[in-house]
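Colleague: Dropping a structure here in structure tokens format, bear with me for questions.
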Amino acid sequence: MITKKITCMVVDDDDIDRLTTLSFLSDYPFMEVIGAFDSPAVALAMAQQQLPDVLFLDIDMPQMSGLELRKQLLHVPACIFITSYPDYAVESFEMAALDFLVKPFTAERFLKTMNRLQQFADIHHKANLLSHSLGADTIFIKDGYDQVKLQLHEIIYLEALKDYTGIITANKKYAVLSPLGNLIKEKSFSSFIRIHRSYAVQKHFIKKISSGEVMVNDILLPIGRTYKQALNEL
């Protein structure tokens, strides 16, 4: 299973039901609630600013139903509908629902939903890596007197070494005659993000971001103060 947290938004116009869902979610450390709303319109505006990994949506809400909200947020990878009306099940799965919970639901039933969500997130993550890998370009670098071909998706991070840049893969470390700042401006390195004046990391290798460090492929690297905002947006 992946270790990255799964971000979510909860939208339910009933205060007690919304708090109940939040209470169930609090039992799962891998879940991160980035918003809880009683208004679908407000939730829509917030989701457009910060896209969650999963939506927990009540269906029967005033002004905009959960189905209508999902229709506008189909680019959110997963959606779990929570409703008092089982008759909505067919419509919800037409909106690419991952699961359908009927109120009131039990902790045991919610556990099944969480297991399904973890499995989905793991498959989704691997699919993204595969897509990245299949679409990746190769680069040639000079290693001594030899030209070495590298797959870009195998490069974990880049390290500034004065006029050189270290290129670190899982198996070996290379050095190229180009400053880090110049290298990551090249189109080939668009999948990298600068985290420190000495380091840039490949985004799909990021496992965890803390206040002062980034974990990439089980390697901890420091975060520079001026680069924190870019990482927060990521």
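Colleague: Considering each of K173, K228, K208, K203 in turn, give the residue that is basic (K, R) and in contact with a Leu (Cβ under 8 Å, 6 or more places away or on another chain).
Modeller: On the way: K173 fails: in contact with a Leu (Cβ under 8 Å, 6 or more places away or on another chain); K228 fails: in contact with a Leu (Cβ under 8 Å, 6 or more places away or on another chain); K208 fails: in contact with a Leu (Cβ under 8 Å, 6 or more places away or on another chain).
Result: K203 is the single residue among K173, K228, K208, K203 that is basic (K, R) and in contact with a Leu (Cβ under 8 Å, 6 or more places away or on another chain).
Colleague: A further question follows. Which condition number does P52 fail, the rest of (1) at pLDDT 95 or above; (2) open to solvent by less than 30 Å² (accessible area, probe 1.4 Å); (3) assigned to a loop (DSSP other than H, G, I, E, B) being met?
Modeller: For P52, the exception is condition (1).
Colleague: Sticking with this one: Among all residue pairs at least 6 apart or on different chains, which show Cβ distances below 7 Å where the first residue, located in segment 158-186, is in a loop (DSSP other than H, G, I, E, B) and the second is of a type in the set (V, I, T)?
Modeller: As it stands, the answer is A170/I156; S178/T165; P179/T165, since those pairs meet every condition given.
Colleague: What about P62, is it exposed (fewer than 13 other Cβ atoms within 10 Å of the Cβ), under 23 Å from the mean Cα position of the chain (by Cα) and in a loop (DSSP other than H, G, I, E, B)?
Modeller: When the stated conditions are applied, P62 does not pass them.
Colleague: A follow-up question, please. Determine which member of the set E32, E91 is surrounded by fewer than 17 Cβ atoms within 10 Å (Cβ to Cβ) and in contact with a Ser or Thr (Cβ under 9 Å, 6 or more places away or on another chain).
Modeller: Working: E91 fails: in contact with a Ser or Thr (Cβ under 9 Å, 6 or more places away or on another chain).
Sole residue among the options that is surrounded by fewer than 17 Cβ atoms within 10 Å (Cβ to Cβ) and in contact with a Ser or Thr (Cβ under 9 Å, 6 or more places away or on another chain): E32.
Colleague: Follow-up. Could you identify the single residue in S210, S178, S191 that is closer than 30 Å to E32 by Cα and surrounded by 12 or more Cβ atoms within 10 Å (Cβ to Cβ)?
Modeller: S191
Colleague: Find the residue count for segment 25-45, including only residues that are more than 19 Å from D15 (Cα to Cα) and outside any loop (DSSP other than H, G, I, E, B).
Modeller: 3
The values are calculated or read from the model by the stated rules, or taken from the named source; none is laboratory data. Predicted model only: the values in this text are computed from it and were never measured. For neighbour counting, all protein chains shown are included, and Cβ atoms are generated from backbone atoms with ideal geometry for every residue, glycine included. With ligands, DNA and RNA removed, areas are computed over all heavy atoms of the protein, side chains included. Shrake-Rupley method; radii C 1.70, N 1.55, O 1.52, S 1.80 Å.
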